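Comments concern the structure below.
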Amino acid sequence: MSELDEIRIADRKHIGLAEMLKGGVIMDVTTAEQAKIAEDAGAASVMALERVPADIRKDGGVARMASVTKIKEIQKTVSIPVMAKARIGHFVEAQILEALGVDFIDESEVLTPADEHFHIDKFAFRIPFVCGARDLGEALRRIGEGAAMIRTKGEAGSGNIVEAVRHMRAITSGIRRLTTLSPEELMTEAKNLGAPYELVRCVARTGKLPVPNFSAGGIATPADAALMMQLGAEAVFVGSGIFKSSDPARRARAIVQATTHSKDADVLARVSEELGEAMVGIETSKLAEKDLLQTRGW
Amino acid sequence: MRIGVLALQGDFALHAKALARCRSASRDRSTGEASPPVDVEAVLVRKPEELEAVGGLIIPGGESTTLLKLMDEWEFVPAIEKFHAAGKPIFGTCAGLIVLARDVESPRQFSLGLIDVAVERNAYGRQRDSFEALGTAILEGRRVPVTMVFIRAPRIRRVGAGVESLAEHGGETVMARQGSVLVATFHPELTDDTTVHRYFCDLVRRAMATA
């Protein structure tokens, strides 16, 4: 053993904040009023952004970090942690969010990427990052860069859970596979995954990611949230699903309940009653490759 | 013995793991003193009736507003008051402390009032102000080193007359006990050190012996 065996991952206090959010719902909000509705409904955290993913998809144009004024208003309004998104590779947006005292930065494929080759060096910041992933290799690359939390990418703004399911299953089956490999197979596996060898060894030994594993991208109903929890998510992000539905406060409360009681079908049936209309969904298999958000980043 | 961990939202799984670690003997790295294995089983509690099967309860870290919302929905408040009235020990960390305190500030919110302290939420600031410190706790008359991880932590602004301060950081109480109620502003469950959880197991064991 030598000091080279040390694996560098995010600080314990940052992974710790992600631990505190477990079993909770993180809700996308675009105004202070929405943030208040989310907090009153039992959100564990809110994500401040300029437009929800469904609108970004519809309106097009460049999607950037939320305005400073808006983030400050939301911070003033709620006592729960406030997250905000920065564009992939846009470390200056991240520096601004850090200066604002945002509690968690989402380096997000939902915004227009600022760098086609490099993600942000997350170790350079005093606040934690969450990053999206479609499979185990991508999750471990982000953890290797310092992410304190991983979430599935899913297909944001689609209201369709199929991509989040695909990504969560890819991550959990990738983890299971690693635990069955012999030590001499791990270097080749690291090469195939495109993931840091030390993190591959760590996951093979422990059978789990070294940071919390949440789900995002397409959750629109209490059943969707419970599905992701039963598939192994430790908490969920809901983007367009709440404020693009007909009764946001009620749906938000129902999704909070469904996330806590994800294995209790009686509770799920009860909270799913009379929720009004869910957001309109998109058949993601009909989306052109260029319209997919999940292929941003690597 | 069985100890419940309120599993509505927060780091309840880490508390269950910490209790599982208490099941094996440990040796203090500095004093070399051995702690014997504790016969404890963690039970995740999501419904009030599940409290009947446990001798103690841990309310974990998480978001106190979310916890209160979910507790309300399931009428946990009367159930926990009854649990406390029966002399069964309760341990709250961070959000768990906020839920158990007599008074809560910034903002003011409902709390169970089972320990006579006033707490201020997020009193060190936001996540960039979260920190780790090595402190000392005084448990059963012994000084023991404890690694303290403070995450968007509350501060105890007033300690009531009947409350015993068990650990301090920067001259302020960060861990306290009043009878069967134990609270900490930091997160012992985030470290490998089981000192605080073993202390709570002992409270539960003694409460069960006298019940």
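None of the figures in this text is laboratory data; all of them are computed from the coordinates on show. Note that the structure is predicted; figures quoted are calculated from it, not measured. Virtual Cβ from ideal backbone geometry, glycine too; neighbours counted across all protein chains shown.
Quick look at the values:
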item: At most 15 other Cβ within 10 Å, DSSP loop - GluC sites (Glu not before Pro), region A:209-298; result: A:GLU273, A:GLU274, A:GLU277, A:GLU283
item: Computed over region B:2-210: relative contact order in percent, which uses C-alpha pairs under 8 Å that are six or more apart; result: 19
item: Set of aspartates and glutamates near A:LYS290 by C-alpha distance (under 19 Å), chain-local residues within fewer than 8 positions excluded; result: A:ASP55, A:ASP59, A:GLU109, A:ASP115, A:GLU116, A:GLU155, A:GLU163
item: Unsatisfied cross-links (Cα-Cα over 18 Å) in the set A:LYS22/A:LYS263; A:LYS22/B:LYS17; A:LYS263/B:LYS88; result: A:LYS263/B:LYS88
item: Where chymotrypsin sites (Phe, Trp or Tyr not before Pro) fall in DSSP loop in region B:107-192, at most 14 other Cβ within 10 Å; result: B:PHE110
item: Antiparallel bridges, percent of DSSP beta bridges restricted to the protein assembly as shown (to nearest 5); result: 35
item: Share, in percent, of DSSP beta bridges within chain B that are antiparallel, nearest 5; result: 60
item: Computed [θ] at 222 nm, helices only, for chain A once each DSSP H run of length n ≥ 4 contributes -39500 (n - 2.57); result: -12000 deg cm²/dmol
item: For region A:219-227, Karplus couplings with θ = phi - 60° (6.51, -1.76, 1.60), whole Hz, Gly/Pro x; result: 6, 10, 9, x, 5, 4, 4, 5, 4
item: Pair A:LYS191, B:ALA20: separation of 7 Å Cα→Cβ label points (nm); result: 3.5
item: Share of pairwise Cα separations in chain A, more than 31 Å, in percent; result: 24
item: Simple label model, 7 Å out from Cα along Cβ direction - B:ARG142 to B:ARG2, nm; result: 3.0
item: For the protein assembly as shown, diffusion coefficient by Stokes-Einstein and Kirkwood Rh (Cα), 4 °C, 1.567 mPa s, µm²/s; result: 56
item: Alpha carbon centroid spacing (whole Å) that separates region A:230-296 from region B:74-108; result: 31
item: A:LYS290-B:ASP39 FRET efficiency (beta carbon distance; Förster radius 45 Å; 0.05 resolution); result: 0.15
item: Net dipole in debye of region B:2-210 [+1 Lys, Arg Cβ; -1 Asp, Glu Cβ; about Cα centre; nearest 20]; result: 200
item: Distribution of pairwise C-alpha distances over region A:8-163, 5 Å bins, in %; result: 2, 10, 19, 23, 24, 16, 6, 1, 0
item: Pairwise centroid distance, computed over Cα atoms, of region B:1-62 with region A:26-48, Å; result: 32
item: Cα centroid separation, region A:153-191 to region A:111-141 (Å); result: 17
item: Distance histogram in 10 Å bins (all Cα pairs of region B:2-210, percent per bin); result: 9, 38, 39, 13, 1
item: Relative contact order [Cα under 8 Å, 6+ residues apart], chain A, whole percent; result: 20
item: Cleavage-rule hits, GluC sites (Glu not before Pro), region B:26-85, DSSP coil, Cβ neighbours within 10 Å at most 12; result: B:GLU33, B:GLU75
